[in-house]
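To start, the structure under review is shown below, and the notes come after it.
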Amino acid sequence: MSGTLHIFSRRIVNGGEIYQLNYTMTGGTFAKVFGSHHELRNFLLELGLEPSALDSAWTTLTRSGKLTLDDLEITPQEAAALGMTHAEVDC
């Protein structure tokens, strides 16, 4: 099932940046938080993003603090196996 991946960069007071990733599909959302850009980058490569596409996405995230990637195929089982937390969505 196709879904949308949203990534947000957040500054922590007296600390560094964290990244929140939300994957939304019909009927549910999966989320995960990363403590460093290295963790997030490795996760996105694990999802199958091509390095060249990831470089472009990273530039957008760095400039604006947010990024949206459409039409990604991640099953609920894959999301759970990758450590993402599931939240039901009321439709």
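At-a-glance table
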{"item": "Pick from segment 79-91, criterion assigned to a strand (DSSP E or B) and not hydrophobic (A, V, I, L, M, F, W, C), ranking: surrounded by the most Cβ atoms within 10 Å (Cβ to Cβ)", "result": "H86"}
{"item": "Considering residues of segment 59-78 that are in contact with a strand residue (DSSP E or B) (Cβ under 8 Å, 6 or more places away or on another chain) and open to solvent by less than 70 Å² (accessible area, probe 1.4 Å) only, the residue farthest from S9 (Cα to Cα)", "result": "P76"}
{"item": "Some residue of segment 35-48 being open to solvent by less than 40 Å² (accessible area, probe 1.4 Å) and without any contact (Cβ under 8 Å) to a residue 24 or more places away in the chain", "result": "yes"}
{"item": "Test result for T24, in a helix (DSSP H, G or I), β-branched (V, I, T), modelled with pLDDT of 90 or more and open to solvent by 50 Å² or more (accessible area, probe 1.4 Å)", "result": "no"}
{"item": "Set L44, L40: member being modelled with pLDDT of 90 or more, within 23 Å of A87 (Cβ to Cβ), in contact with a helix residue (DSSP H, G or I) (Cβ under 7 Å, 6 or more places away or on another chain) and part of a helix (DSSP H, G or I)", "result": "L44"}
{"item": "Scope segment 50-91; condition aliphatic (A, V, I, L, M) and without any contact (Cβ under 8 Å) to a residue 12 or more places away in the chain; matching residues", "result": "A53, A81"}
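The values are calculated or read from the model by the stated rules, or taken from the named source; none is laboratory data. Since we're looking at a predicted model, the values are computed, not measured. A quick note on method: Cβ atoms are made from the backbone with ideal geometry, for glycine too, and the neighbour counts reach across all protein chains shown. In case anyone asks, the SASA skips ligands and DNA or RNA and just uses the protein heavy atoms, side chains included. Shrake-Rupley method; radii C 1.70, N 1.55, O 1.52, S 1.80 Å.
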